[in-house]
1. Every residue in the stretch 86-101 that is under 22 Å from Ile128 (Cβ atoms) and surrounded by fewer than 18 Cβ atoms within 10 Å (Cβ to Cβ), please.
2. Considering only the stretch 77-89, I want to know if a residue exists there that is touching a Gly at 6+ places or on another chain (Cβ under 6 Å) and either modelled with pLDDT of 90 or more or closer than 21 Å to Thr127 by Cα (or both).
3. Kindly check whether there is at least one residue in the stretch 102-111 that is in contact with a Gly (Cβ under 7 Å, 6 or more places away or on another chain) and either open to solvent by 10 Å² or more (accessible area, probe 1.4 Å) or of a type in the set (S, T, N, Q) (or both).
4. Any residue that is touching a residue at least 60 places away in the same chain (Cβ under 8 Å) and either touching a His at 6+ places or on another chain (Cβ under 6 Å) or not aromatic (Phe, Trp, Tyr) (or both) - is there at least one of those in the stretch 64-79?
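The values are calculated or read from the model by the stated rules, or taken from the named source; none is laboratory data. Since the structure is predicted, the reported quantities are computational estimates derived from the model, not experimental observations. Cβ sites come from the backbone with ideal geometry, for glycine too, and all protein chains shown count toward neighbours. Ligands, DNA and RNA are stripped out before the accessible areas are found, and what is left, the full protein with its side chains, is counted by its heavy atoms. Shrake-Rupley method; radii C 1.70, N 1.55, O 1.52, S 1.80 Å.
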Amino acid sequence: MTTVLHKKIPEKTRVLVVDDDPALCEVVADAIERRGYQVRQAPSGNAALNLILSEPIDIVISDALMPDGSGMELVSALKTSPSPQPPVLIMTGYADLTTENAIAAGAHHVFFKPFDAAELIAKLDETIGFERPPKLKRT
């Protein structure tokens, strides 16, 4: 299930990157910022939920398993939250989390680590409804 946000450009889209590995969180955030998105970071699902409840976040990219609130717990908490529910893209290195189970729980997409940053950006663009201009052909 893909939900497309009504935002159309990265510069007006607030992305929250959630991972307990600070280095990976920074790498993902940097790639997203280079694309032009506004990026915030959180070290856990619980910290992410507090941030989402206190400021507008348009889309979340979260690790699946973390201490102090996993990405899957965040997906569940957002389903019952009174605030707007941003779509959640899940990153995981665990084979026992299936895409079908994550989607059924409310996630919008699952990336298995290691993943390609270009694939992540393409799914992010797709989720917000941003269409990239076609590449010019060289003659």
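1. Thr99
2. There is at least one residue in the stretch 77-89 that is touching a Gly at 6+ places or on another chain (Cβ under 6 Å) and either modelled with pLDDT of 90 or more or closer than 21 Å to Thr127 by Cα (or both).
3. No - not one qualifying residue is present in the stretch 102-111.
4. Among the residues of the stretch 64-79, not one is touching a residue at least 60 places away in the same chain (Cβ under 8 Å) and either touching a His at 6+ places or on another chain (Cβ under 6 Å) or not aromatic (Phe, Trp, Tyr) (or both), which makes the answer no.
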